[in-house]
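Have a look at the structure below, then the notes.
The values are calculated or read from the model by the stated rules, or taken from the named source; none is laboratory data. Owing to the predicted nature of the structure, the values given are computational and were not obtained by experimental measurement. Cβ atoms come from the backbone with ideal geometry, glycine included; neighbour counts cover every protein chain shown.
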Amino acid sequence: MFGVFSKLGWFFKLHCKRYTFAIIALIIASVIDIIPPKLVGMAIDDIQFNALTSDRLLEMLLIYGCLIIASYTISFLWDYTLFGGAIMMEQTMRSKLMNHFLKMTPGFFGKFRTGDLMARATNDLKALNMTAGFGILTLVDSTIFMLLLIAVMGFTISWKLTLAALLPLPIMAFVMNRYGKVIHARFMEAQKAFGDMNDDVLESVKGVRVIRAFVQEKQDEERFKTMTEDVYHKNVEVAKVDAMFEPTITILVGISYTIGLGYGTSLVFQNVMTLGELVSFNVYLGMLIWPMFAVGELINVMQRGNASLDRVNETLDYKADVGDPKQPAVLEKPGTIVFKDVTFTYPGTDLPRLQEIDLKIESGQTIGVVGKTGAGKTTLFRQLLREYPGMSGALTISGIPITDFALEKTRSWIGYVPQDQVLFSKTVRENIQFGNENASDEEIYRVMELAHFINDIKSLSEGLDTKVGESGVTLSGGQKQRVAIARAFIMDPEILILDDAMSAVDGKTEANIIQHLKEERTGKTTLIAAHRLSAVTHAEHIIVLEDGKIVEEGTHDQLMETDGWYQTQYKMQQLDEKGAVS
């Protein structure tokens, strides 16, 4: 049960002064809280034996008043320190999770669904917050405070009465342990169900247009209802066990009270103890109710925290598929890129997506990559982005294997514009500045003109300050692509990859963007994948991929002289364009 504390040992060591102070202050507050009942018992005995004078009463009231002030002050300090530490722990773990997410490759996000990751970063971290705050409180109160009470009851009043009143404790320990094991298993299931529901909601929100287009609103609503019912029932199962803690403790505390009152009264009649001591004992027994409840709460919180920490650690323990070398190579600017006999197979599959690729890209060249859907164009680019492991052959930059560079270094050279654009729920300005956070409005307008977006921005209600909505929902497909291209232009990368990035724009707009590319990218490497071959006719070198192999290569003119796929496809597209114009 206490394994969660050892797993969080690194955090407690990091903030040992804070937690040491909080625990010491909590113990001092507990000691202070034990004194007033003793004063009450002494006052009752003084009344019983006519020994209570006005000076004695005033002395007791002053002591009691000082104890109240001291208890309030120290309680504030431990509360602020302890729960402040719990918030820091949640913040630290959330930062670790976020940093981990940013370092992960597509394989990680294939294993862990987005909704489940969100659940781990929210609900599970809240459970850890409870463990690092309320868990420490219940641990101290269910052990040190309880032992202090028992010691005071035994040493200052009666060991016989104390032991008799505490007979139910072993029963409670056994029952609480059984409850704890059950709640751990059920809480794990409830958290998993919550993660599944989160993922379903995310998919429904992102795919709401498709759901409406196929008139699937009712079916989606029914599916969501089924999932919420599952989450509800699993949480009810947790709540059932949770609800058993308090009644069980109440019954056992009631038995303790019965024993204390019955046996204590007998001891008073036998003159073994005074009436004041019996009153003090029963007050202490009442104070013992919270530590007994704390035992149940401790087990509950620990088991929830342990289950949540296991889920969080499962995420954090996932090693990135692609990592940095121990001693990264140093290169200020990328030069010639060479693919030598490169073969690649995606993890978990048997069919190679790239086969024996040989390609030399001189610095400053524009390379066109074309082929049928699924030919391997995106996969080729992913080797430069190093998103997956498992590449065989050699891929070098300036003669140095790409695996010898730090990931951050190689990716800082590359501006990547995929076909499926990712825009953030911010303004147009902020989305473009993502490529260069210090870019001025003047620079932004310049790159928008290069991306042929300048007329569009004028039609938007708030210009650069227009919110694009979730994933750019307020923009058309072509507008999103051009914002992404502008973002890449403003980055001015050494290597620009356009992965079918103009598929949603018309031919005239594409021609304008290509012209701007030729003017702006002089001396810098550009790789363009496209289905519309007019996007690559200006390239110095064009390769045609089929089933992951290079089946044709050369300039546009050279490829047009061969009777291959490129020539056939280009002629067909030209005929289609002429037909569309006429």
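Quick notes on this one:
- Counted as qualifying within region 1-105 are the helices (runs of 4 or more DSSP H) with 2 or more residues that are in contact with a helix residue (DSSP H, G or I) (Cβ under 7 Å, 6 or more places away or on another chain), of a type in the set (Phe, Trp, Tyr) and closer than 30 Å to Tyr318 by Cβ, namely 9-14.
- Region 226-245 residues that are within 9 Å of Ile183 (Cα to Cα), paired with ones that are of a type in the set (S, T, N, Q) (beta carbon under 8 Å, 6 or more apart): Asp242/Asn300
- Screening Gly523 against (1) in contact (Cβ under 8 Å) with a residue 40 or more places away in the chain; (2) out of contact with any strand residue (DSSP E or B) (no Cβ under 9 Å at 6 or more places or on another chain); (3) surrounded by 13 or more Cβ atoms within 10 Å (Cβ to Cβ) leaves a single unmet condition, (3).
- As for region 486-506, it holds no residue that is surrounded by fewer than 21 Cβ atoms within 10 Å (Cβ to Cβ), over 40 Å from the mean Cα position of the chain (by Cα) and not aromatic (Phe, Trp, Tyr).
For (1) surrounded by fewer than 17 Cβ atoms within 10 Å (Cβ to Cβ); (2) touching a strand residue (DSSP E or B) at 6+ places or on another chain (Cβ under 8 Å); (3) closer than 22 Å to Val208 by Cα, each residue gets a yes or a no:
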{"site": "Phe424", "(1), (2), (3)": "yes, no, yes"}
{"site": "Glu443", "(1), (2), (3)": "yes, no, no"}
{"site": "Met448", "(1), (2), (3)": "no, no, no"}
{"site": "His452", "(1), (2), (3)": "no, no, no"}
{"site": "Ile457", "(1), (2), (3)": "no, no, no"}
{"site": "Gly463", "(1), (2), (3)": "yes, no, no"}
{"site": "Glu470", "(1), (2), (3)": "yes, no, yes"}
{"site": "Leu475", "(1), (2), (3)": "no, no, yes"}
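- Filtered by the rule that a residue be acidic (Asp, Glu) and within 24 Å of Ala185 (Cβ to Cβ), region 222-255 gives Glu229, Asp230, Glu237, Asp242, Glu246.
- Helices (runs of 4 or more DSSP H) lying entirely in region 128-206 (those with 3 or more residues that are farther than 25 Å from Phe281 by Cβ and charged (D, E, K, R)): 169-206
- Of the candidates Glu246, Glu203, Glu221, Glu217, the single residue that is modelled with pLDDT under 90 and closer than 28 Å to Pro291 by Cα is Glu246.
Residues are listed down the side, and each one gets a yes or a no for (1) in the same structural domain as Pro106 (by TED's automatic domain parsing); (2) among the acidic types (Asp, Glu); (3) touching a Leu at 6+ places or on another chain (Cβ under 6 Å):
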| residue | (1), (2), (3) |
| --- | --- |
| Gly323 | no, no, no |
| Lys326 | no, no, no |
| Val330 | no, no, no |
| Asp341 | no, yes, no |
| Phe344 | no, no, yes |
| Pro347 | no, no, no |
| Leu351 | no, no, no |
| Glu356 | no, yes, no |
| Leu359 | no, no, no |
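- Residue check for Thr373: over 27 Å from the mean Cα position of the chain (by Cα) and modelled with pLDDT of 90 or more: no
So that you can scan it fast, the table gives a plain yes or no per residue for (1) closer than 19 Å to Ile337 by Cβ; (2) of a type in the set (Lys, Arg); (3) in contact (Cβ under 8 Å) with a residue 40 or more places away in the chain:
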site: Gln515; (1), (2), (3): no, no, no
site: Val536; (1), (2), (3): yes, no, yes
site: Glu540; (1), (2), (3): yes, no, yes
site: Val544; (1), (2), (3): yes, no, yes
site: Gly548; (1), (2), (3): yes, no, yes
site: Leu559; (1), (2), (3): no, no, no
site: Lys571; (1), (2), (3): no, yes, no
site: Asp576; (1), (2), (3): no, no, no
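- Residue among Gly296, Gly323 that is assigned to a helix (DSSP H, G or I) and in contact (Cβ under 8 Å) with a residue 40 or more places away in the chain: Gly296
- Restricting region 3-60 to residues that are among the hydroxyl-bearing types (Ser, Thr, Tyr) and buried (at least 17 other Cβ atoms within 10 Å of the Cβ), the residue that is nearest to Val152 (Cα to Cα): Ser30
- Which listed residue, of Thr81, Thr53, is in contact (Cβ under 8 Å) with a residue 60 or more places away in the chain and over 15 Å from Leu128 (Cβ atoms): Thr81
- Just one of the listed residues (Phe76, Phe21) is farther than 24 Å from Ile150 by Cβ and touching a residue at least 40 places away in the same chain (Cβ under 8 Å), namely Phe21.
- Region 406-416, residues that are surrounded by 16 or more Cβ atoms within 10 Å (Cβ to Cβ) and over 20 Å from Lys524 (Cα atoms): Leu407
- Flag for Ala451 being small (Gly, Ala, Ser) and touching a residue at least 60 places away in the same chain (Cβ under 8 Å): yes
- Residues of region 347-370 satisfying the condition of being within 35 Å of the chain's Cα centre (by Cα), in contact (Cβ under 8 Å) with a residue 24 or more places away in the chain and surrounded by fewer than 16 Cβ atoms within 10 Å (Cβ to Cβ): Pro347
- Residue pairs meeting the criteria (Cβ under 8 Å; at least 6 apart or on separate chains; first under 20 Å from Asn99 (Cβ atoms), in region 121-132; second of a type in the set (D, E, K, R)): Ala121/Arg94; Asp124/Arg311; Leu125/Glu90; Leu125/Arg94; Lys126/Glu90; Leu128/Glu90; Asn129/Glu90; Ala132/Glu90
- Residues that are outside any strand (DSSP E or B), of a type in the set (Ser, Thr, Tyr) and either in contact with a Pro (Cβ under 9 Å, 6 or more places away or on another chain) or over 20 Å from Phe108 (Cα atoms) (or both) within region 376-400 comprise Thr378, Tyr388, Ser398, listed in sequence order.
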